[in-house]
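Quick notes on the structure that follows.
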Amino acid sequence: MDSRNLGLRFRVAQGIVREAGQMAAERFRRRDELVIERKGRQDFVSAADKECEAFVMSELLRIFPEDGFLGEEGGARTSGSGATWIIDPIDGTSNFLAGLPVWCVSLGLVENGTSIAGVIYNPITEELYAARAGGGATLNGKKIQVSKTPSLDQARMGLGFSYRRPVQEHVTAVRACLEASCEYTRFGSGALGMAFAADGRLDGYYEAHINAWDVAAGLVLVKEAGGWHNDFFGGRDAMSKGNVILAANPMLAQPLQSLLKIYPAENLPG
Ligand code: LIP
C-alpha cells in the first residue's frame, strides 16, 4: 500500500478506535446491566463487545469499502484491496466484566501477512498506542521504544494463558522464567501485553496460542518501537487459527527463545 493510502487509513483508524473506546467505556461504567454469554472455558462475550465491533466494522467499510475485515465477534469480509482490518473490540473481556480497568480496543491492518498499521486504546487509562510501517510507534503522540534490559535475570515478561492450550505448558513457561530469575505478569489482555512490550514497561510478551485479533496491532507497534517478534502470520492459517506469540527487546529475543523452547533459531535478530 502506498504511503498516502496508509497514512489516511492510519489517521482514520485512530479516530474510530477512540470513538469505539468511549462507547465501550460507557458500557464499562454500566456493566451490571450487561447480559454475559459464555463462549468457552473462562471465555465470555457481552453486548459491549458486539456493539463495539459492529460500530468499527460499519465505519471502516463505509470509508474503505474495498478493504477486508476480520473481527473476534464474527465480523468478516474478504478484501478487495489486499488489506484486511483485524479487530478485537474489547481485548481483556474478562477484566472488563470484572470491573478491572485492564482492557482495550485493538485494531490492526494487515497486508500480505504483515501488520502495517495498529492502534490500541485503553479509554479508562486514556492511553492510545499507534504505529504504522516505517513511521515509528507512539503512546498519546509521544515516541516509544522497547526496553534496553540486557539479561533475563533483570527482565519482566508478560505471560498470557487461555484454556485453548494445556495448563502444564503455561506452568512450564512460568517455572522456566522464575528459575531464570525473570519476573512475569499476566494481564489477561494480549494486546495490552504487546503494547507494554513496545513501550518498555515489559521486556517482552509470550503466549503459547493467541488469536490474530489479539496481536495484529501489537506486532507493528513492537516492530516500530525497535523490538523483535516471531513470524506470527507465517504460521499456517494464523489469520483464522492463531499462533504462538513471542515479542521482546532484541537483546532478549534469543535467550527467551531458548528459555521457552518455542522456535527454530533462524528468524532471530543478531
Ligand atoms: C484475551 C487475550 C489474552 C488471552 C485471553 C483472551 P479476549 O482475549 O487477549 O491474551 O490470554 O485468554 O483470549 O477474549 O479478552 O478478547
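The values are calculated or read from the model by the stated rules, or taken from the named source; none is laboratory data. Not measured: the values here are computed from a predicted model. In this analysis, Cβ positions are derived from the backbone assuming ideal geometry, glycine residues included, and neighbour counts consider all displayed protein chains.
Determine whether Leu34 is within 16 Å of the ligand (Cβ to nearest atom) and more than 20 Å from Asp214 (Cβ to Cβ). For Leu34, the condition - within 16 Å of the ligand (Cβ to nearest atom) and more than 20 Å from Asp214 (Cβ to Cβ) - is met. Being at pLDDT 95 or above and more than 25 Å from Val119 (Cα to Cα), is that true of even one residue in segment 234-251? Yes, because at least one residue in segment 234-251 is at pLDDT 95 or above and more than 25 Å from Val119 (Cα to Cα).
Residue under question is Gly113, and the condition is that it be closer than 18 Å to Asn230 by Cα, of a type outside the set (Asp, Glu) and out of contact with any Lys or Arg (no Cβ under 8 Å at 6 or more places or on another chain); does it hold?
Details: closer than 18 Å to Asn230 by Cα: yes; of a type outside the set (Asp, Glu): yes; out of contact with any Lys or Arg (no Cβ under 8 Å at 6 or more places or on another chain): yes.
Considered against the rule, which asks whether it is closer than 18 Å to Asn230 by Cα, of a type outside the set (Asp, Glu) and out of contact with any Lys or Arg (no Cβ under 8 Å at 6 or more places or on another chain), Gly113 comes out as yes.
For segment 138-161, the criterion of being within 23 Å of Ile210 (Cα to Cα), within 15 Å of the ligand (Cβ to nearest atom), out of contact with any Gly (no Cβ under 7 Å at 6 or more places or on another chain) and of a type outside the set (Phe, Trp, Tyr) is met by at least one residue.
Which residue is surrounded by the most Cβ atoms within 10 Å (Cβ to Cβ), if the candidates are limited to segment 58-73 and must be away from the ligand (no atom under 16 Å from the Cβ) and not in a loop (DSSP other than H, G, I, E, B)?
Only one residue fits best here, namely Leu60.
Screening segment 82-102 for residues that are within 9 Å of the ligand (Cβ to nearest atom) and in a strand (DSSP E or B) and picking the one that is nearest to Cys52 (Cα to Cα) gives Pro89.
Determine, yes or no, whether Leu152 is under 20 Å from Leu252 (Cα atoms), in contact with a Phe, Trp or Tyr (Cβ under 6 Å, 6 or more places away or on another chain) and hydrophobic (A, V, I, L, M, F, W, C). Lay out the reasoning, then the answer.
On the way: under 20 Å from Leu252 (Cα atoms): yes; in contact with a Phe, Trp or Tyr (Cβ under 6 Å, 6 or more places away or on another chain): no; hydrophobic (A, V, I, L, M, F, W, C): yes.
Answer is no for this residue.
Within segment 103-115, the set of residues being crowded, with 18+ Cβ neighbours inside 10 Å and more than 10 Å from the ligand (Cβ to nearest atom) comprises Val105, Leu107, Gly108, Leu109, Val110, Glu111, Ser115. Within segment 182-200, being closer than 13 Å to Ile245 by Cα and of a type in the set (A, V, I, L, M, F, W, C) holds for Ala191, Met194, Ala197.
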